[in-house]
1. Quick check on B:Gly598: is it on the phi > 0 side of the Ramachandran plot and without any contact (Cβ under 8 Å) to a residue 40 or more places away in the chain?
2. Considering only residues that are at pLDDT below 90, in a loop (DSSP other than H, G, I, E, B) and closer than 17 Å to A:Val341 by Cβ, which ones fall in segment A:477-514?
3. Go through the residues of segment B:578-585 one by one and say whether even a single one is over 56 Å from the mean Cα position of the chain (by Cα), within 9 Å of another protein chain (Cβ to nearest Cβ) and surrounded by 10 or more Cβ atoms within 10 Å (Cβ to Cβ).
4. Whether any residue in segment B:179-193 is more than 14 Å from B:Phe166 (Cβ to Cβ), away from chain A (no Cβ under 14 Å) and at pLDDT below 90 is what I want to check.
5. Going through segment A:217-258 one residue at a time, which ones are surrounded by fewer than 24 Cβ atoms within 10 Å (Cβ to Cβ) and among the aliphatic types (A, V, I, L, M)?
6. One residue is enough: does segment B:155-165 have a residue meeting the conditions touching a Cys at 6+ places or on another chain (Cβ under 6 Å) and more than 11 Å from chain A (Cβ to nearest Cβ)?
7. If we keep just the residues of segment A:7-20 that are of a type in the set (A, V, I, L, M, F, W, C) and crowded, with 22+ Cβ neighbours inside 10 Å, which is farthest from the other protein chains (Cβ to nearest Cβ)?
8. Working only within segment B:126-160, note down all residues that are of a type in the set (Phe, Trp, Tyr) and in contact with a Phe, Trp or Tyr (Cβ under 7 Å, 6 or more places away or on another chain).
Amino acid sequence: MNSFPWLSMIVFAPLVAAVVLLAIPTKSRTTTRIVAITSTLVSLVGSLRVAIGYLPGGGYQFREHYPIIESIGINLDLGVDGWGISLLLLTSIIIFAGAFASWTLTQRDKEFYVLLLALVCGVFGVFVSLDLFVFFLFYEIAVLPMYLLIGVWGSTKKVAEAGPFRFLFRLLDIGGKEYAAIKLTLMLLTGSAFILVGILAMYDSAGAHSFSIETLGRATYPRSLQMWVFPALWLGFGTLAGVFPFHTWSPDGHASAPTAVSMLHAGVLMKLGAFGVMRIGMVMLPQGAASWAWVVGCVAVVNIVYGALAAMRQTDLKYIVAYSSVSHMGVVMLGAATMTVEGWNGAIYQMVAHGLMTGLFFALVGLIYGQTHDREVGNMGGFAKSMPAVAVFFTIASLSSLGMPGLAGFVAEFQVFLGAWNGPMPWWALAGVLGAWLTAVYVLRAARRIFWGAGPPARFTNLSDPVGTEWVALVVLTACLILFGVAPRLILDDIDTTTVGYLDTISQTAPPQASAGVRP
Amino acid sequence: MTSTTSSADASPPPIFPLHADHLVLNLALIALLLPLACFVLLALVWPLRRAGRLAGWLSATVAVISFGASARLLMLVVGGEAPLTETVGWLVRDGKVIASMGVHIDGISASMLAVVTLVAACVQVYSLGYMAEDSLPAQGRYFTYHSLFITAMGGLVLAPNLLQLFAGWELVGLCSYLLIGFYWAKPSAGQAAVKAFWVTKFADMGLIVGLLALYGATGTFAWDAHLVGIWATAVPALLFMGVMGKSAQVPLHIWLPDAMEGPTPVSALLHAATMVAAGVYLIVRAYPLFELAPSLLLAMTWIGASTALIAAATAIVQDDIKKVLAYSTCSQLGYMIAALGSGQIMGGYFHLTTHAFFKSLLFLGAGAAIHAVHSNDIHDMGGLWKTTRISALLFITGSLALVGVPIFAGFFSKDLILEEMLEAGQYVPVAMLVLGAGLTAFYMTRVIVIAYFGDAAEGAEHAHEAPWTMLLPMGALGLLAVGAGFGGDLLATLWGQQYHFGMTPIGITTSVIGLGGIALGIMRYGTSTWTADLLGGLRGFILSGPVDRFWDSAWRQGLLPFAQVVGWFDRYIVDGLINMVAWLFIFLADRIKRFQTGRAQDYVFAVVLGVVAFIAYGMVGA
Amino acid sequence: MNEIIAAGPGLSAWLILAGVLFSVGVYGVLSRRNLIAILCSVELMANAVNINLVAFSRFHGDTLGQAFALFGIALTVAEVGVGLAIVMLVYRQRQGIDIDDLHDLLG
């Protein structure tokens, strides 16, 4: 079984490519891209291989084990389950598409790719690590390059803010890429501090001198500990997942970030947060999760409806998409909060669906912005005349986001709603359904204002459809959206097995136990 | 690796159970998947799509083959073929399939499929002529959407459970959105398309919640589940909310008149014959659920009857020929809903069938007139009888069927509805429906008199008769508009019921009222001497669109400002607080940094002070 | 040897001397404005420490202290070398060595 270290290959291929890129003093743009794309392709192939080779029956497979600091139980311990497979696939698809979407970048492109690949290594690592310390390490690797990626390569266009507090905005340089970068980094690192405290508390309480997720998962923690560690993890990971009211880094960050970074950030990184809440928070601290589930769910509902309404008000295209991410991540958190099989299946599926969808959105927004240098929806109109293919892809992404059957978004949202209806508070499902309708309202409104109408305004005369490599991202992402929308069982069966396994574990450990310790 | 758990007996990989020798199944799959293949082909192979004409012929051929397959299927089912359900698992939960996709073939679905594919085939052939003046890529796009529509509608009709029905439901809604917005360069078309989507999707919220509740109560999406308690009423009521949107019942009908922005054949197929009837089909399909909710059924009767009356009254004052027909469609759907509410599923379904034929015929006829004069206004058409005699005749045939003149199709189905409702004791709704029938006769007469027999308008004098591609499907539908009424027996057989036509007092009354409406219409609009305006005051009120205004203000003064407030709140309060924290740190740091004088001596002084304090502490502590 | 100790001043006298010397040094560092003078004051402080080391070494009979004092003197030389170099560079840059002009670290 363990003949070839597939997971290591997936995780470290981007890192190796990053080092290679640093080492070769190339000035050739093509070489840079070929190296980067090859490494993402290696990861993609590896992910597919793992997904196909994963045997039904669940559990962690493709295990690898390399000791790092054995005295305190830190190991590079890799393995995937159904959740991991889905998210590995998502990540490798998005980064593959993202590497193509950055093809036209000109400024310091080598460094850009180096940071991008390092970031992806971190993302892959989080999804396959079975060691909490390494998990956290990868998590930080995934978060930190974002600072430079946004701060250096971000969009220089500032968002002009009007209103009575204009002076404050000027004082803090709000709207600039540097502001967005530092805001994002500070908020996420504050979250990380909570996570680290939570992890150390668990390590200490379990007393097994091991950071292994499996060992820690078998331990039972005192209720009092769970009651504060779970919220800490929820807040920490939740900040990255865009949980209200700690979501505000997301619109600014996504709006300022370059295309591929937006794709990766909204498409994959936000999922790290949700994955952390579910995998670490809920599975390992079931009592805390059960006690706090109603808060998680209610906040998720706020996310969904509030995010959709806020998106409706935006006039900047990137802000619309960013707020829609806030809204859709609410669906993921809602599914998680239900603690039901349908809800968790739906939550993981929504991560995949939303990742693909929002990746496609940001790729398209990047294409549009690259030609118009304007993101103000009110200035656009009639773009379908000059960029029909973009209009088609945008419509498909919109439809997936509003839950059109046949696209991945529906499969995900519907399962989440099913879970919510059968969960602790059925009215959550109503709010979710309302959110889906609000999504239809703002996303179709935006599509109409951008693409429909007599023709582009005079200042946008030479718009055109994507050319050459720009097609790759669009086609790949759209194909996956349709594929996962039509045939959900390609990954749903594995997700389901894993979910059921976790929920079984939770129901076994549910009875409160006074003392902490590893169960025999 | 870990040992396999008990859930290892997961179902085998999803492969559609094709049986080479299973004719019924294969026919259904041909009807369903051939248009899908055509859609995929046209969507992916852009040179073919942009070639236009070829794409059109391909799509139309596929539609005709699809109809052939469903007709053969219907014959087999009429011939006594047992109902058949074939599915593959689609969603799983705990290793078990909770939702499946597939086909369910019985009398209801087979007959509906035949109706859908027949009208679709006619409309596509018609479109070959009607759309000929559009650019070639536009034509290709048009037929691509149409192929998708047949698949989606087929999936809806053949659905083995409510979830697939819902999937098809949403997909036909998508086709509707795309086809209403077909002329996307026109701002009004874009607004109409989005409005149609929003309104139907708004209603679909009820449908989704209904599905959730159904699943919550029974664990399946089956339409014959047995519900108890509150859910017995709540689930069908929620489903009915979706129906009100899709089948354009007051007050959610507002999107249908606007939907006339699409090409006329689209209105004929989607917004008259098939898609809007999906709501009625849903109720027929899920009748075992609706049956258990008598209070809901009563509400349905009243909503249906009100819609029939209100929409018919609104149709009278419209000048746009398509809007007249659109309100007429609302009105006729009201008849069907009212019939279903009274427990007369056979009557409602029969009317759905005949309505599909004559209303699509009317739209195609209207399309021929529009094609001839390039205007939707009936006053621009005047005198078309002289130039386009065949299509005028067909239009009049359709009108007679709609009005319910005896021997025409509409007569039989409308008569059946009224008769059965009367038996059920629904006197007031019946009166409303009969009055509606009179109004129907009046507004159709108005259209015919003005458009075909009125003073010749400028453009109408040089109008040309439509090409054969348009006349042929109209002729086919015309035959059905005349003859479909005699198919009641056939339909009844499919349902395992008895149907005997007999002339009853209510039938006679309705016919008389209908003829009276025609006479009144001819008197009012045929001669200019009779000038008393029956509807003077009402006309202004109806034209101002009270229901539309209500929704419009809900949107403009409700949702949009609320979103503004939320956006402001997010920017200034939520984000403001976070910026405030940042600002607080900057502010404090600004104060604290004053300690950094930058003079080395000050730092040394601080060190000395510290040492002194340390020593002092040591001496005091000691 | 012991007679000398007995005859001379006691340990505390040496420590008081060192203390006074150190205080003078501190005062110099804090109050002088001229960099050279500050450097001299620092030397005073360093030598006060050296006196302490030698005194303790003498009175405890442990020669290690004297070794440390020698080591300290060597370090002081290096320190003066670096310090004077800095002073010279400052002079070149600013045409003066008044410490009040050097407040670039002002927050």
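1. So B:Gly598 fits the description; yes.
2. A:Ala510
3. No, the conditions are met nowhere in segment B:578-585.
4. no
5. Passing the criteria: A:Ala219, A:Leu225, A:Met227, A:Ala232, A:Leu235.
6. Scanning segment B:155-165, I find no residue that is touching a Cys at 6+ places or on another chain (Cβ under 6 Å) and more than 11 Å from chain A (Cβ to nearest Cβ), so the answer is no.
7. A:Ala18
8. B:Tyr142
The values are calculated or read from the model by the stated rules, or taken from the named source; none is laboratory data. Every value quoted in this text rests on a predicted model; they were computed, and no experiment measured them. Every residue, glycine as well, gets a Cβ built from its backbone with ideal geometry; the counts of neighbours run over all protein chains shown.
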